[in-house]
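> Below you will find the structure I want to go over with you.
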Amino acid sequence: MVTGSCYLLEHNQVKILIDCGMVQGGRFAETANYEPFPFNPAEIDYLLVTHAHIDHCGRIPRLVQQGFKGEIISTYATLDFVQLMVLDSARVIQSEARVLGKEPLYTETDVINMTKLFRGVQYERPITLNNIACTFYDAGHVLGSSFIAVNIAGKTIVFSGDLGNPPVPLLKPTHPLVAADMLVMESTYGGKTHEPAYERKLLLCSAIYETITMNGVLLIPAFALERTQEILYELNQLVERHEIPNVPVYIDSPLAIKAITLYRKYGELFNNETKYLIASGDDVFKFKGLTLTETKEESKRINQVRPPKIIMAGSGMMQGGRIRFHLQRYLASANNQVLIVGYQVENSLGKQLLNKADSVVIDGETVSVCAKIRAIGAYSAHADEPKLIHWLKSAPTLPKQIFLTHGELPQAEKLQSHIAQQCNNINTVIPEYRQSVEF
């Protein structure tokens, strides 16, 4: 599956966890996240975090609550984003737990305890943990994201985390794969090819123009971390270059607004083009017609503004957040559009819309789907199959063994086949859930 990323590495009684993610697809408080960890959290010495998306970091407070007292290690940007993301998650979890009449998965107190264990690192600067060398490299997926090389007794294992989809606004390209004996590699889009990058902005413009022509509302469900900032960057350029008409744009996500502040803090991680624009005086996250709505009252006032208008809100898979209120209001009109710009897991509301459902149930209300549903794969933060293969081939020598994870089975199987065809039949395995391997 694509969520719940978590790997345990053991050597000479040292136990290192790589990621500790939430299982997504239903409510935060769904049963899978309450299951006991398949290891004793108190025995884990270190936790290495690839990036701050909830499916990679969302259960860290639970790990701490259950006895983990080791170091939580990642880039400084990732640790700041992890704190922001899981604090928001804790509030949602506690609210849902009250409704469901059960204990919350974790609380804000657990998040505070988590932050006391943080240890920041720089890209490409090895650290040593009990004679095990670990190096973080820029994955180009979201700001601060990494793939991690772990060197043990002369052998190197690389954990890809999530790999980026270059070229993209804001971020640097994914660092080439380093020499590895074993590679644990994501396969989210293992059998798919995104539209070419140059089409990304054209498709966005098309959705905006069509919405304006129809005097409608364009809804963009967007992940608070990365997708919102990337599309803001694109809209900033479109507005300032007069490539789209003036239209009100709303960022209706308190979490995304807070994330923008952190993006400004870590501007040194941006690509050269973005750094140049900022140095020349352009605030890439601010333009005429943009309104940031943090409070519920501000959010409600969006409905009073006559169309056309653009509303970007979380959550990206439409499982929670303010986007659900806007979908309830606007899905039933054929004048409106929903533009999907991120991955949608099975059973999510976003997946139902992608699958062209005639109606959906949102918080107990059945809503007809008359709005146009569009998707732009090129805005995905994940590499597609050609880019995954390209990254694999970027290594000085190919890995001896690959484990394909973090992907639904059809995508993983297609990537497995393509690797066999293009990479000298490397031993490529799709592991079972909770499978152990000696290396």
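> What ³J(HN,Hα) values, in whole Hz, does the Karplus curve 6.51 cos²θ - 1.76 cosθ + 1.60 give for the range 143-148 when θ = phi - 60°, with x put for Gly and Pro?
After applying 6.51 cos²θ - 1.76 cosθ + 1.60, I find 4, x, 6, 9, 9, 10 Hz.
> Per residue of the range 296-308, in order, report the coupling 6.51 cos²θ - 1.76 cosθ + 1.60 (Karplus, θ = phi - 60°) as ³J(HN,Hα) in whole Hz, putting x for Gly and Pro.
Each residue's phi maps through the Karplus curve to give 5, 5, 4, 5, 5, 5, 4, 5, 7, 8, 5, x, x Hz.
> Is it possible to state the helix-based mean residue ellipticity at 222 nm for the chain, with each DSSP H run of 4+ residues giving -39500 (n - 2.57), the sum divided by total residues, to the nearest 500 deg cm²/dmol? What is it?
Taking each H run of at least 4 residues, the total per residue is -9500 deg cm²/dmol.
> Something else now. What value does the range 146-258 have for Rg/Rh, both radii from Cα atoms and Rh as Kirkwood defines it?
Details: Rg = 18.8 Å, Rh = 17.1 Å.
When Rh is taken as the Kirkwood radius, the ratio is 1.10.
> OK, next. What does the charge count near residue 192 come to, summing +1 for each Lys or Arg and -1 for each Asp or Glu among other residues with Cβ under 14 Å from its Cβ?
After counting each charged neighbour, the total is -4.
> With +1 on each Lys and Arg Cβ and -1 on each Asp and Glu Cβ, and nothing else charged, work out how big the dipole of the chain is about its Cα centre, in Debye to the nearest 20. Numbers along the way, then the final one.
Values: 41 positive and 45 negative charges, 155 e Å.
Here the size comes out at about 740 debye.
> Could you point to the residue in 334, 83, 428 farthest towards the positive end of the chain's charge dipole, with +1 and -1 charges on the Cβ of Lys/Arg and Asp/Glu respectively?
The residue sitting farthest along the positive end of the dipole is 334.
> Rounded to whole Å, give me the distance from the Cα center of the range 234-291 to that of the range 323-381.
Taking the Cα centre of the range 323-381 as reference, the centre of the range 234-291 is 25 Å away.
> Among 223, 147, which comes first, second and so on when ranked by fewest other beta-carbon atoms within 10 Å? Mind showing how you got there, number by number?
Numbers: 223 26, 147 30.
Going from sparsest to densest Cβ surroundings: 223, 147.
> Please name which of 120, 197, 361 has its Cα lying farthest along the dipole of the chain towards the positive end, using unit charges on Cβ (Lys, Arg +1; Asp, Glu -1) and the Cα centre as origin.
The Cα lying farthest towards the positive end belongs to 361.
> Please list, in chain and number order, the residues 5+ apart from residue 75 or on another chain whose amide H is under 5 Å from its amide H, with Hs placed from the backbone.
For residue 75, whose amide H was placed from the backbone, the distant partners under 5 Å are 121.
> Turning to a different aspect of this structure: With Cβ to Cβ distances under 13 Å as the rule, what net charge do the other residues near residue 430 carry (K, R +1; D, E -1)?
-3
> At most 11 other Cβ atoms within 10 Å and a DSSP loop assignment: could you name the trypsin sites (Lys or Arg not before Pro) in the range 172-280 that fit?
Sites meeting the loop and neighbour criteria: 241.
> While we're here: Around residue 178, what is the net charge, scoring Lys/Arg as +1 and Asp/Glu as -1 over all other residues with Cβ under 15 Å from its Cβ?
Net charge around residue 178: +1.
> Cα-Cα over 24 Å: which of 201/387; 69/155; 172/258; 102/351; 172/393; 201/275?
Check vs 24 Å cut-off fails for 69/155; 102/351.
> Can you pull out the trypsin sites (Lys or Arg not before Pro) in the range 286-328 that DSSP calls coil and that have at most 15 other Cβ atoms within 10 Å? Please list the in-between numbers first.
Numbers: sites: 286, 288, 296, 300, 301, 309, 322, 324; in loops: 286, 288, 322.
Hits after loop and neighbour filter: 286, 288.
> Per residue, how big is the convex hull of the range 197-379 when only Cα atoms are used? Give it in Å³. Could you put the intermediate results ahead of the total?
Values: hull volume 20.9 nm³, N = 183.
So the per-residue Cα hull volume is 114 Å³.
> For a footprinting-style exposure proxy, rank 282, 252 by other Cβ within 10 Å, fewest first.
If I rank by nearby Cβ atoms, fewest first, I get 282, 252.
> How large is the dipole of the range 1-124 about the Cα centre if only Lys and Arg carry +1 and Asp and Glu carry -1, each at its Cβ, rounded to the nearest 20 debye?
260
> Please give every one of the aspartates and glutamates within straight-line cross-link reach of residue 300, meaning a C-alpha to C-alpha distance under 12 Å, and leave out same-chain neighbours fewer than 8 residues apart.
Straight-line reach from residue 300, under 12 Å: 252.
> Short version: ³J(HN,Hα) in whole Hz for each residue of the range 120-129, in order, from phi by Karplus 6.51 cos²θ - 1.76 cosθ + 1.60 (θ = phi - 60°), x for Gly and Pro, what are they?
Using θ = phi - 60°, the values come out as x, 9, 9, 4, 6, 10, x, 10, 10, 10 Hz.
> Using the crude model of +1 on Lys and Arg Cβ and -1 on Asp and Glu Cβ, and no other charge, please compute the dipole size for the range 197-379 relative to its Cα centre, in debye to 20.
Working: 22 positive and 19 negative charges, 57 e Å.
Using only the charged Cβ atoms, the result is roughly 280 debye.
> Hey, if you put +1 on the Cβ of every Lys and Arg and -1 on every Asp and Glu Cβ in the chain, which of 394, 348, 405 ends up farthest toward the positive end of that dipole?
348
No value in this document is a laboratory result; all are computed from the given coordinates. Remember, predicted model here, so these are calculated numbers, not experimental data. All Cβ positions, glycine included, derive from the backbone under ideal geometry; neighbour counts span all protein chains shown.
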